[in-house]
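Worksheet for the structure shown next.
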Amino acid sequence: MLYHIVTYGCQMNVHESEKIAGMLEDLGYSPTDKREDADIIVFNTCAIREGAEDRAFGNIGALKQLKKQDRNKIIAVCGCMTQQKQVAEKIFKTFPFVDIVVGTHNLYLLEKLIKRKLNENKRILDYMESSPVIEGIPTKRTSGDNAWINIMYGCNNFCTYCIVPYVRGREMSRKKQDILDEIKEVIDTKCYKTITLLGQNVNSYGNDSKENGNFAELINDICKLDGDFKLTFMTSHPKDLSDELIEAIKNNDKVIKEIHLPVQSGSTKILKAMNRNYTREHYLDLIKKLRDAVPDIRITTDIIVGFPGETEQDFEDTCSLVKQVKYDGIFAFMYSKRSGTIAATMPNQVDESVKNYRVNYLLNLEKEIKAQKG
Ligand code: 5AD
Ligand code: SF4
């Protein structure tokens, strides 16, 4: 019996697909690269931008042919799209050949749902509003010598453009001991050189319960573990980047000297409208502090262009910040309206053609900076 997983979106989803693979292998399935050969196909979807959703819809639709050729093939759709109740229902209704639709909070039930489907041969739409942290899901690591380790789930920040807090729920940190145990297990296999800690906002690790300590303490404790490994993490929110964390990056040899620090915009006015809770000046201060402490640190960022109300001047502010920081990498995105978020209802939405121009301008700027840096 063979499985094939299609993954959209961020590292969190890549790692979640490793858990899906773990659960499927537990049931006796083996991986295949060819979806036409698979007995079960799982689509792990992303909802962050409209483009990702449209692509997933198109590609799920195309599975109809495969199902026609083999009626016993199981097709499952999960991930951030199906954690939005109305989208889950739409997928279930639009695509009668999809057998299982399951959200992110109940993904850990996948094994049970597949067994139920096999026994009862009925389509299943399983949705859960929220869930506690679930430990012990089998994981089949497939990311080379990098091991992803989730340290927390969800997000409390409600940046006005972002769907994540609505689909992933509030911040929940894993217990420190559970994280350390998982990392020890990974190190003991001697198969992994890098450990990458994952969370929507790793800097607020531990804020939801005192017993675990904060993120800097977690890093210090992980670095005390014996073994030959390097440690990195993503994503950091600038508003929560503490001096203690900068010290932890500086003082631990095992920590890779790099940080992904999304700025989103170089205009304080737009940052406020985005509800980012920092100013351009505060962000630039952080960059200075990081470089004072760790002069050769690699800094990468995310930027959104064409947020509602972004004027030519606001965009120039972003470009001047980019030139000043001289990033080692930029992920630039055109603002995408997500229904249910505050920004979707804001006036002064920016034309697609302007967004397109600005995103290309930024990509060229990034190329120039890279060429200058050599
Ligand atoms: N439109 C465009 N980009 C977005 N991001 C999050 N939400 C949106 C949206 N609605 C970007 C942010 C974030 C990255 C993961 O995706 O830059 O840091
Ligand atoms: Fe979205 Fe902001 Fe949370 Fe990041 S910090 S996941 S951009 S709401």
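A few points about this structure:
- Residue match in the stretch 100-119 (condition: part of a loop (DSSP other than H, G, I, E, B), hydrophobic (A, V, I, L, M, F, W, C) and either in contact (Cβ under 8 Å) with a residue 24 or more places away in the chain or at negative phi (or both)): no
- Count - residues of the stretch 60-83 that are over 18 Å from Cys10 (Cβ atoms) and open to solvent by less than 50 Å² (accessible area, probe 1.4 Å): 9
- Residue check: Ser130 meets all listed conditions (1) part of a loop (DSSP other than H, G, I, E, B); (2) open to solvent by less than 40 Å² (accessible area, probe 1.4 Å) but one, namely (2).
- Test: residue in the stretch 199-215 that is among the basic types (Lys, Arg) and assigned to a loop (DSSP other than H, G, I, E, B): no
- Residues located in the stretch 15-59, provided they are within 16 Å of ligand 2 (Cβ to nearest atom), surrounded by 17 or more Cβ atoms within 10 Å (Cβ to Cβ) and touching a residue at least 60 places away in the same chain (Cβ under 8 Å): His15, Glu16, Ala47, Ile48, Arg49
- Every condition in (1) crowded, with 18+ Cβ neighbours inside 10 Å; (2) within 16 Å of ligand 2 (Cβ to nearest atom) is met by Asn156 except one, and the failing one is (1).
- Qualifying residue in the stretch 117-129 (condition: within 17 Å of Val167 (Cβ to Cβ) and among the β-branched types (Val, Ile, Thr)): no
- Of all residues in the stretch 162-198, those that are buried (at least 21 other Cβ atoms within 10 Å of the Cβ), within 16 Å of ligand 1 (Cβ to nearest atom) and outside any helix (DSSP H, G or I) total 2.
The values are calculated or read from the model by the stated rules, or taken from the named source; none is laboratory data. Everything quoted here is computed from the prediction, not taken from an experiment. All Cβ positions, glycine included, derive from the backbone under ideal geometry; neighbour counts span all protein chains shown. Just so you know, the surface numbers come from the protein's heavy atoms only, side chains and all, with ligands and any DNA or RNA stripped out. Shrake-Rupley method; radii C 1.70, N 1.55, O 1.52, S 1.80 Å.
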